[in-house]
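Bear in mind these aren't lab numbers, they're just calculated from the coordinates by the rules spelled out. Since the structure is predicted, the reported quantities are computational estimates derived from the model, not experimental observations. Quick reminder, even Gly has a Cβ in these numbers, built from the backbone with ideal geometry, and neighbours come from all protein chains shown.
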Amino acid sequence: MTDTQGLEAVALTKTYGEGPTATHALAGVDLRIAPGESVAIMGPSGSGKTTLLHVLAGILPATAGTVMWRGRSIADMSDADRTTLRRSEFGFVFQSGQPARAACRGERGPAAHARRNRRRRGDGPGPAVAQPPRSARDGDAPPRASFSGGQAQRVAIARALVGNPGVIFADEPTGALDQATGWEVMNSLTTACRAQGASLVLVTHDVDVAHWCSRTVQMRDGLIVGEARQAAPAQEVAR
Ligand code: ADP
């Protein structure tokens, strides 16, 4: 691998199921994310965006190919090392409301998210998934009723950034928010990532959300079919 600092996927494939009913969710993805870079993953529903995010984050194992983080293959790590990596070097922000409810129940955001996905898709129990650091989990969570969608996401962003992770993974972080609140959340998220030097990998359907990132990749049928760089991401335009 050439970039030993960032996150790099090479020839990544992910197949769910077997035989005639198999779904090839990732069909050979190459993607390199430099330290501090923000990348929006876009594409139609079913194109493989969430699968790519989960494989990059070590939540789901790839069927073939490699994901390297700072020069280490995630697949070659022990389960314990992978869990430590997700706790200490990766942060997670999911769709509005989920982390807040998880915080109120004392559940773990990414774990709850992965469980929900597995329930929805009838998948097996899957691998152990990421947990935020204990200090973040055990913080005083306000009562559920006091969270608005925007507040919930600001809490989720703060939790995701505890411990100064190198990458934040965000899956539709503004998906349940109105436009103005989504703008605020993207402003908080990208400002915080920049301040900490963290990369951002974000799945979104919304082109206005993607404009907050320095690069957009387009997925279709499990492949990256296009890519665009933005010289002036939204936060700089907005100032
Ligand atoms: P997107 O995020 O772009 O909507 P996904 O990554 O969720 O795409 O899904 C890509 C493809 O993989 C879809 O055809 C979806 O139905 C399928 N898929 C995703 N997760 C599972 C799973 N756990 N079991 C079987 N098929 C799945």
Cβ crowding within 10 Å averaged over residues, with 40-52, 219-231 ranked highest first: 40-52, 219-231
5 angstrom amide H check on A170, placed H, neighbours 5+ away: V93, V201, L202, V203
Can you list the residues, at least 5 places off or on another chain, whose amide H is less than 5 Å from the amide H of G175, using H built in the peptide plane? S96
With the crude spin-label approximation of a point 7 Å out along Cα→Cβ, what separation in nm comes out for A232 versus R32? 2.9
Can you give the FRET efficiency for S73 and Q179, using 1/(1 + (r/R0)^6), R0 = 35 Å, r = Cβ-Cβ distance, to the nearest 0.05? 0.30
Residues with amide H under 5 Å of I224's amide H, sequence separation 5 or more or different chain, H placed in the peptide plane at 1.01 Å from N; which? D30
³J(HN,Hα) across region 159-170 via Karplus (A = 6.51, B = -1.76, C = 1.60, θ = phi - 60°), whole Hz, x for Gly/Pro? 4, 5, 8, 4, x, 6, x, x, 9, 10, 9, 10
Starting with the highest mean, order 182-193, 25-36, 73-84 by the number of other Cβ atoms within 10 Å, averaged over the residues of each peptide. 182-193, 25-36, 73-84
